[in-house]
Amino acid sequence: MIKTLRLSAAALCISVLAGCAAPAATDKAATERTAGQWEQQMTEVKAFDSWTLTGKVGLRTPEETNSANLDWLQTPYYYRLLVTGPLGAGRSTLEGREGRFSLTNSEGRFEAETPEALMEQRLGWSLPVSQLTTWVRGLPVEGQPHTSTEDNLGFPATLSQDGWKIDYRGWMNVDGVWLPNRMVMTYGDIRATLVVNQWQAGEGGE
């Protein structure tokens, strides 16, 4: 009888310990990338085309260094980038829909043929917005020449395309999918840094 009780107690302890250990393994999987994971999640990354993103963007040129807060809403048919702070000259909203692009700030509402031209005209600086919706997910724009390297886990480390070089320096788990949360982009003597504080999947309101 005593031997049976001891065995039952031991089995109970093992079950409790196993139950306690399981959440720890899940937490580790959510906070640490593993080898081969990038290829395994490729379908999900490509399908991730609707989000809200908040963070900061910094821009360094030979003339100045500035930063601003970024609030980015993206859907397959519409995007809105809200830039607030010195870099946005106060508050600037860039919108794109069906080939039409506009920028609204304290001086009014303006349009141009490309978002890059619009930003250059009104803000005096520009980011590769047309490609950034793809690069920000760690992907190259399809159908355009590019070169890339991988880190020791198989995730993108660098991407060179259309004259820009992107260094992926941090990653964030978003609903089970790993996405970049720190990117440094260089083009000649221009250096732009994007730090993502939060990714949220799904469409928001316009």
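The values are calculated or read from the model by the stated rules, or taken from the named source; none is laboratory data. Owing to the predicted nature of the structure, the values given are computational and were not obtained by experimental measurement. Cβ atoms come from the backbone with ideal geometry, glycine included; neighbour counts cover every protein chain shown. When the accessible area is computed, the model is the full protein with side chains, heavy atoms only, and any ligands, DNA or RNA have been set aside. Shrake-Rupley method; radii C 1.70, N 1.55, O 1.52, S 1.80 Å.
Keeping all protein chains in place, calculate the accessible area per residue for segment 52-206 (probe 1.4 angstrom), answer in Å².
50
At 1.4 Å probe size, with the rest of the protein present, what percent of the exposed accessible area of segment 60-131 is carbon and sulfur atoms? All intermediate terms of the calculation are to be shown ahead of the outcome.
Working: 1750 of 3840 Å².
That share works out to 45 percent.
On full extension, the segment bounded by Glu113 and Ala157 gains 12.6 nm, given 0.36 nm per residue less the C-alpha separation. Multiplying the residue separation of Asn66 and Ala47 by 0.36 nm and subtracting their alpha-carbon distance yields 3.5 nm.
Test of understanding: what is the full-extension gain from Asp167 to Arg91, defined as 0.36 nm times their sequence separation minus their Cα-Cα distance?
Working: separation 76, 0.36 × 76 = 27.36 nm, distance 2.76 nm.
Between Asp167 and Arg91, full extension yields an extra 24.6 nm.
In this simple spin-label approximation, Asn197 and Ala35 carry label points 7 Å from Cα along the Cα→Cβ vector, and these lie 3.7 nm apart.
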